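The values are calculated or read from the model by the stated rules, or taken from the named source; none is laboratory data. This one's a predicted model, so the numbers in the text were calculated from it and none came from an experiment. When we count neighbours, we look across all protein chains shown, and the Cβ atoms used for this are built from the backbone with ideal geometry, even at glycine. To get the accessible areas, we keep the full protein, side chains included, count just its heavy atoms, and leave off ligands, DNA and RNA. Shrake-Rupley method; radii C 1.70, N 1.55, O 1.52, S 1.80 Å.
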Amino acid sequence: SSNFTVEYFDGSSWSVINNNVPDSFRSIPWVVPSTVTSLARVRVSRNVSGYTDESDIPFVVIGQPVLSQSVPCEGFVQLSWTAVTGAASYDVMQLQADTMAVIANVASPTLSYRVSGLNSSTAYWFAVRAKTGTAYGRRSVAVTVTPASGTCSLSEYDNNFKAVSIMA
């Protein structure tokens, strides 16, 4: 038995993650660097024999946004998220059936999106993911919201009304 070396490629150079991984380990803890790249790879080498293998396909490393939500008015959801270094845009996603579907793409530096036309008695799930051109990172932790109330204090809601009930 011999130990392994695990390395990370950031698109320009290799860095050692751990050069003394026991052969009994199947995973190791690792804090992913904040360097944005769509060319990342991982390489594993057996220390004694020099046998080496690396990821066949590059993967994307970009930060994960943190999403928050509010209800500005019944039937609307205001989504806001933290900026991600290197993001060119953000995909806004909504749970549709069993899939998080992209409902909008928002160019950076904008960090918010308002969803309209929602049923006030239905719970909705939303998430956001950062993109670098065509490559995208991990989506945010999803948030759920039922747009049942709100102050409707924004100027765009002025003079709006709705029928709550019809009496005969």
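How are the C-alpha pair distances of segment 77-125 spread across 10 Å bins, as whole percents from the shortest bin up?
23, 51, 23, 3
What list of ³J(HN,Hα) values in whole Hz, one per residue of segment 46-60 in order, does the Karplus curve 6.51 cos²θ - 1.76 cosθ + 1.60 (θ = phi - 60°) give from phi, with Gly and Pro shown as x?
Each residue's phi maps through the Karplus curve to give 7, 4, 6, 8, x, 4, 9, 8, 9, 4, 6, 10, x, 10, 8 Hz.
Taking amide hydrogens as modeled 1.01 Å from N in the peptide plane, which residues meet the under 5 Å criterion relative to SER89, leaving out close sequence neighbours?
The list, which skips near neighbours in sequence, is SER108, LYS131, GLY133.
So between ASP98 and SER155, what do we pick up on full extension, going 0.36 nm a residue minus the alpha carbon distance?
Between ASP98 and SER155, full extension yields 17.0 nm more.
Can you run phi through the Karplus equation (6.51, -1.76, 1.60; θ = phi - 60°) for segment 110-117 and list ³J(HN,Hα) in whole Hz, with x for Gly and Pro?
So the Karplus estimates, Gly and Pro as x, are 4, 10, 7, 7, 9, 9, 10, x Hz.
Relative contact order for the chain: what is it in percent, counting Cα pairs under 8 Å that are at least 6 residues apart?
Result for the chain is 19 percent.
To the nearest 10 square angstrom, what accessible area does PHE59 show with a 1.4 Å probe?
Accessible surface of PHE59 is approximately 70 Å².
Suppose accessible area is computed on protein heavy atoms with a 1.4 Å probe; arrange ARG114, ARG43, ARG138, ARG26 from highest to lowest.
ARG26, ARG138, ARG114, ARG43
With the other protein chains left in place, how much accessible area per residue, in square angstrom, belongs to the chain at a 1.4 angstrom probe?
Ligands and nucleic acids excluded, the figure is 62 Å² per residue.
Express the carbon and sulfur contribution to the solvent-accessible surface of segment 13-68 as a percent, rounded to the nearest whole number, probe 1.4 angstrom.
53
With a 1.4 Å probe and all protein chains in place, put MET100, MET167 in order of accessible area, largest first.
These residues rank, largest area first, as MET167, MET100.
Using the Cα atoms of the chain, I'd like the radius of gyration and the largest Cα-Cα distance, Dmax, both in angstrom.
That works out to 22.8, 87 Å for Rg and Dmax.
Say the dipole of segment 23-133 comes from +1 at the beta carbon of Lys and Arg and -1 at that of Asp and Glu; which of MET93, PRO58, ALA127 then lies farthest toward its positive end?
It is PRO58, whose Cα lies furthest towards the positive end.
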